[in-house]
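The values are calculated or read from the model by the stated rules, or taken from the named source; none is laboratory data. This one's a predicted model, so the numbers in the text were calculated from it and none came from an experiment. Cβ coordinates were reconstructed from backbone atoms using ideal geometry, including for glycine residues, and neighbour counts include every protein chain displayed. Heavy atoms of the whole protein, side chains included, go into the accessibility calculation; ligands, DNA and RNA do not. Shrake-Rupley method; radii C 1.70, N 1.55, O 1.52, S 1.80 Å.
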Amino acid sequence: MLVLRAVSRTRGEGAGLLALTRDTGMSKPTVHRILAALAAEGMVEQDLASRRYFLGPECHVLGNIASERFGINRLAAPVVARLAHECGDSAFFSLRRDVFAVCVLREDGDYPLKTHVLLPGDRHPLGIGAGSLAILAALPDDEVDACLQANAALIERRYPHYSVALIRTLVDEVREQGYAVNRGLVVPGSWGIGMPLRDEQGHVLGALSIAAVESRMDEERQFQLAKLLSREAKRLLAQANPAGREARARPQAAKPKP
């Protein structure tokens, strides 16, 4: 799975063997053997001219099957595109996967300066980045504690601008203001703002977020982007649960008198 996810992060560019070895931390013979096994199952394929690896057709098949269950991914695509078009910056949709947040969609607006910190397939511990922090802050306190405990060593090793204590402080901030802000803590100069997505039972599904260069993230614009994210989050959840919306709108039948 480490190798498969590393290939997926390169999207249309493909990944070379040396880059995959570096990204996974495994030896070159091990990565090569895993790639051969994945290729045999159609999960990756190698371009014979460039020798680079890409996701294979079997990933597409499995993705289509999985989308029947995780339909919100498909519904989120036009929402993310609309966010990027309206704000001009990069917009994202991330899902919670256990103690991690995984970016599944990205769309870029027309503003020429872009941040490339987060790409589809990227996976960060909950609390790292705007969308991921929004998801964490929407969880109950006991789940927040469990997530931070599970990721403490990884956060210390890979994210030098973060600490468990800082993330706890940021969680309190998100809950107070209603949205998450990443002030360049993943990569300096790249800021983000995120809004959680909850279903009607209050379960956290994921988050919408927007990232931009620091100069485009002053306090006033953060507030405006938060309103935009909130509007699109409500639209997305209404589309994801039309049955619940219709039930609320339908008049209740009068109960017969005893």
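What is the number of the single condition among (1) open to solvent by 30 Å² or more (accessible area, probe 1.4 Å); (2) under 18 Å from S94 (Cα atoms); (3) small (G, A, S) that A150 does not meet?
Exception for A150: condition (2).
Scanning segment 34-93 for residues that are β-branched (V, I, T) and within 19 Å of the chain's Cα centre (by Cα), which turns out farthest from T115 (Cα to Cα)? First the steps, then the outcome.
Filtering segment 34-93 down to residues β-branched (V, I, T) leaves 34, 44, 61, 65, 72, 79-80.
Applying the additional criterion that residues be within 19 Å of the chain's Cα centre (by Cα) yields 72, 79-80.
Numbers: I72: 25, V79: 20, V80: 16 Å.
Once the filter is applied, the top-ranked residue is I72.
Does at least one position in segment 149-170 carry a residue that is within 23 Å of A212 (Cβ to Cβ), assigned to a loop (DSSP other than H, G, I, E, B) and small (G, A, S)?
There is no residue in segment 149-170 that is within 23 Å of A212 (Cβ to Cβ), assigned to a loop (DSSP other than H, G, I, E, B) and small (G, A, S).
Only one residue in G131, G127 is under 24 Å from K227 (Cα atoms) and part of a helix (DSSP H, G or I). Which one?
G131
With the structure loaded, tell me whether G121 is over 21 Å from Y179 (Cβ atoms), assigned by the TED database to the domain that holds K234, small (G, A, S) and outside any helix (DSSP H, G or I) or whether it fails that test.
Details: over 21 Å from Y179 (Cβ atoms): yes; assigned by the TED database to the domain that holds K234: yes; small (G, A, S): yes; outside any helix (DSSP H, G or I): yes.
It is true that G121 is over 21 Å from Y179 (Cβ atoms), assigned by the TED database to the domain that holds K234, small (G, A, S) and outside any helix (DSSP H, G or I).
When you scan segment 195-214, do you find a residue that is assigned by the TED database to the domain that holds H116, surrounded by fewer than 22 Cβ atoms within 10 Å (Cβ to Cβ) and in a helix (DSSP H, G or I), even just one? Steps first, please.
First, the residues of segment 195-214 that are assigned by the TED database to the domain that holds H116: 195-214.
From what is left, the residues that are surrounded by fewer than 22 Cβ atoms within 10 Å (Cβ to Cβ) are 198-205, 213-214.
Next cut, in a helix (DSSP H, G or I) only: 214.
Yes: one or more hits.
Is it true that some residue in segment 175-190 is in a helix (DSSP H, G or I) and within 19 Å of F93 (Cα to Cα)?
Looking through segment 175-190, none of the residues is in a helix (DSSP H, G or I) and within 19 Å of F93 (Cα to Cα).
Is at least one residue of segment 47-66 touching a helix residue (DSSP H, G or I) at 6+ places or on another chain (Cβ under 7 Å) and among the polar types (S, T, N, Q)?
no
Of (1) at pLDDT 95 or above; (2) in contact with a Phe, Trp or Tyr (Cβ under 9 Å, 6 or more places away or on another chain); (3) hydrophobic (A, V, I, L, M, F, W, C), L105 satisfies all except one. Which?
Exception for L105: condition (1).
Residue under question is D110, and the condition is that it be among the acidic types (D, E), more than 15 Å from the chain's Cα centre (by Cα) and part of a loop (DSSP other than H, G, I, E, B); does it hold?
Working: among the acidic types (D, E): yes; more than 15 Å from the chain's Cα centre (by Cα): yes; part of a loop (DSSP other than H, G, I, E, B): yes.
Yes: the conditions hold for D110.
Here are some residues: L136, L166, L113, L126. Which one is farther than 19 Å from F223 by Cα and touching a residue at least 60 places away in the same chain (Cβ under 8 Å)? It would help to see each step written out before you state the result.
Values: L136 fails: touching a residue at least 60 places away in the same chain (Cβ under 8 Å); L166 fails: touching a residue at least 60 places away in the same chain (Cβ under 8 Å); L126 fails: touching a residue at least 60 places away in the same chain (Cβ under 8 Å).
After applying the criteria, what remains is L113.
Rundown of residues vs (1) part of a helix (DSSP H, G or I); (2) within 24 Å of I135 (Cβ to Cβ); (3) open to solvent by 70 Å² or more (accessible area, probe 1.4 Å), yes/no style:
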residue: T30; (1), (2), (3): yes, no, no
residue: A49; (1), (2), (3): no, no, yes
residue: F54; (1), (2), (3): no, no, no
residue: R74; (1), (2), (3): yes, yes, yes
residue: F92; (1), (2), (3): no, yes, no
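For R123, work out the one condition from (1) open to solvent by 10 Å² or more (accessible area, probe 1.4 Å); (2) of a type outside the set (A, V, I, L, M, F, W, C); (3) out of contact with any strand residue (DSSP E or B) (no Cβ under 8 Å at 6 or more places or on another chain) it doesn't fulfil.
Answer for R123: the failing condition is (3).
What's the number of the only condition in (1) touching a residue at least 60 places away in the same chain (Cβ under 8 Å); (2) more than 30 Å from A238 (Cα to Cα) that E156 fails to meet?
The failed condition is (1).
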